[in-house]
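The values are calculated or read from the model by the stated rules, or taken from the named source; none is laboratory data. Keep in mind it's a predicted model, so treat the numbers as computed, not measured. All Cβ positions, even for glycine, are placed from backbone atoms using ideal geometry, and neighbour counts span all protein chains on display. We work out accessible area using only protein heavy atoms, side chains counted, and drop any ligands, DNA or RNA first. Shrake-Rupley method; radii C 1.70, N 1.55, O 1.52, S 1.80 Å.
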Amino acid sequence: MKLQQLKYILEVSRNDLNVSATALALFTSQPGVSKQIRLLESELGVEIFTRSGKHLSGITPVGERILETADDILHKVEKIKRLAHEYSDEKTGELSIATTHTQARYVLPGVIRTFIGRYPDVALHMHQGTPMQIAELAADGKVDFAIATEAMELFDDLLMMPCYRWNRSIIVPRNHPLCQVSKLTLKEVAKHPIVTYVFGFTGRSKLDDAFTSHGLSPRLVFTAADADVIKTYVRLGLGIGIVAKMAWDPINDNDLVSLDADHLFDASVTKIGFRKGTFLRGYMYEFLEQFAPHLTREFVTKAQNCESRVELDLLFKNISLPDC
């Protein structure tokens, strides 16, 4: 049994049993992948995959368990490599982050600038996607950290830690009727066509919950994953925008007015996390603390050592989260 064979079967499962796509992802040949899978099955004496003709059609019950164990093995191998790197050269390496557009555009630039200044020999890789994609990348070990607001709680194998609270702003063109309202209400907001985030992005669920709890059905005329795109369509007069407060720039967006909406919606919490059992190198702990100062190495280690959800909740309960 070879580690390469374990890597092949895992990649096949992640590529919907498509051997051609797996070979492309691993920079190898399709016959080579198929051969190694057959050799592994022959050595083990069981079939990992079911077949329909020459094509893989499913995963056998024992195959499911083998894949789960293979994933753990390869994760531990990566942990060993990182441990060795940590002691051989603690200031070089790589750091992969998966996050949403809002975090990448408005929150992370300052953090990354500081981090690069301190660790110029650490290669940083940024992946953007939906919260679900971000969580999956972290759960599969393809990125080191996941940063998002939605969907994180759906993955039990991720250790997600709260970073900061944030709320929303109503973005409108200058001289819009809402600028004349002394105190906004959801009923007043719902009278206007709305441009906001796609469901599943950037705390969208809190927005929907607020309208639903007041028996209102807002007219969503356009949704997007990118706050800059939302602002573009507000400028075109398509509707009023509801975006994360951090996404409004008083200089670059001075043709728009930001109306406070803290009293209309519950605050959302952005979290950062990683796959449980991950070996964190020294510079990774520092990145966590730069992004969220309360996530010190000592605190993160305590979180890693918690044995239950109840323990984690008690630990997080005592955090005083900053507002962004």
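A few comments on the model shown:
- Set 295, 264, 288: member being under 30 Å from residue 180 (Cα atoms) and at pLDDT 90 or above: 264
- Close Cβ contacts (under 8 Å, 6 or more residues apart or on different chains) running from residues in the range 7-20 that are of a type in the set (Lys, Arg) to residues that are surrounded by fewer than 16 Cβ atoms within 10 Å (Cβ to Cβ) comprise 7/74; 14/140.
- Residues of the range 179-196 satisfying the condition of being in contact with a His (Cβ under 9 Å, 6 or more places away or on another chain) and modelled with pLDDT under 90: 183
- If you go through the range 119-176 and keep only what is closer than 20 Å to residue 324 by Cα and open to solvent by 40 Å² or more (accessible area, probe 1.4 Å), you end up with just 165.
- Residue 105, sole failed condition from (1) within 22 Å of the chain's Cα centre (by Cα); (2) over 28 Å from residue 277 (Cβ atoms); (3) open to solvent by less than 80 Å² (accessible area, probe 1.4 Å): (3)
- From 276, 317, residue being without any contact (Cβ under 8 Å) to a residue 12 or more places away in the chain and of a type in the set (Lys, Arg): 317
- Candidates 93, 110, 129, filtered to the one that is in contact (Cβ under 8 Å) with a residue 24 or more places away in the chain and either within 26 Å of residue 232 (Cα to Cα) or within 17 Å of the chain's Cα centre (by Cα) (or both): 129
- Matching residues in the range 177-199 - criterion: being surrounded by 14 or more Cβ atoms within 10 Å (Cβ to Cβ) and of a type in the set (Gly, Ala, Ser): 190
- Restricted to the range 237-301, the set of strands (runs of 3 or more DSSP E) holding at least 1 residues that are open to solvent by 40 Å² or more (accessible area, probe 1.4 Å), touching a strand residue (DSSP E or B) at 6+ places or on another chain (Cβ under 8 Å) and under 20 Å from residue 174 (Cα atoms) comprises 256-260.
- Filtering 311, 307 for residues that are assigned to a helix (DSSP H, G or I), acidic (Asp, Glu) and either more than 20 Å from residue 225 (Cα to Cα) or at pLDDT 90 or above (or both) leaves a single hit, 311.
- Residue 199 being of a type outside the set (Gly, Ala, Ser), under 30 Å from residue 79 (Cβ atoms) and at pLDDT below 90: no
- Applying a threshold of 6 Å to beta carbon distances and a minimum spacing of six or more residues, or different chains, the list of pairs starting in the range 216-240 at a residue that is under 20 Å from residue 254 (Cβ atoms) and free of Cβ contacts under 8 Å to residues at least 12 places away in the same chain and ending at one that is assigned to a helix (DSSP H, G or I) and open to solvent by 40 Å² or more (accessible area, probe 1.4 Å) is empty.
- Yes/no for residue 149 being out of contact with any helix residue (DSSP H, G or I) (no Cβ under 8 Å at 6 or more places or on another chain) and among the hydroxyl-bearing types (Ser, Thr, Tyr): no
- Filtered residue count, the range 116-159, keeping only those that are over 13 Å from residue 99 (Cα atoms), among the small types (Gly, Ala, Ser) and part of a loop (DSSP other than H, G, I, E, B): 1
Yes/no matrix, rows are residues, columns are (1) touching a residue at least 24 places away in the same chain (Cβ under 8 Å); (2) more than 30 Å from the chain's Cα centre (by Cα); (3) more than 27 Å from residue 275 (Cα to Cα):
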residue: 166; (1), (2), (3): yes, no, no
residue: 174; (1), (2), (3): yes, yes, yes
residue: 185; (1), (2), (3): yes, yes, yes
residue: 195; (1), (2), (3): yes, no, yes
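- In the set (1) surrounded by 14 or more Cβ atoms within 10 Å (Cβ to Cβ); (2) under 14 Å from residue 7 (Cα atoms); (3) of a type outside the set (Val, Ile, Thr); (4) out of contact with any Phe, Trp or Tyr (no Cβ under 9 Å at 6 or more places or on another chain), the condition left unmet by residue 49 is number (2).
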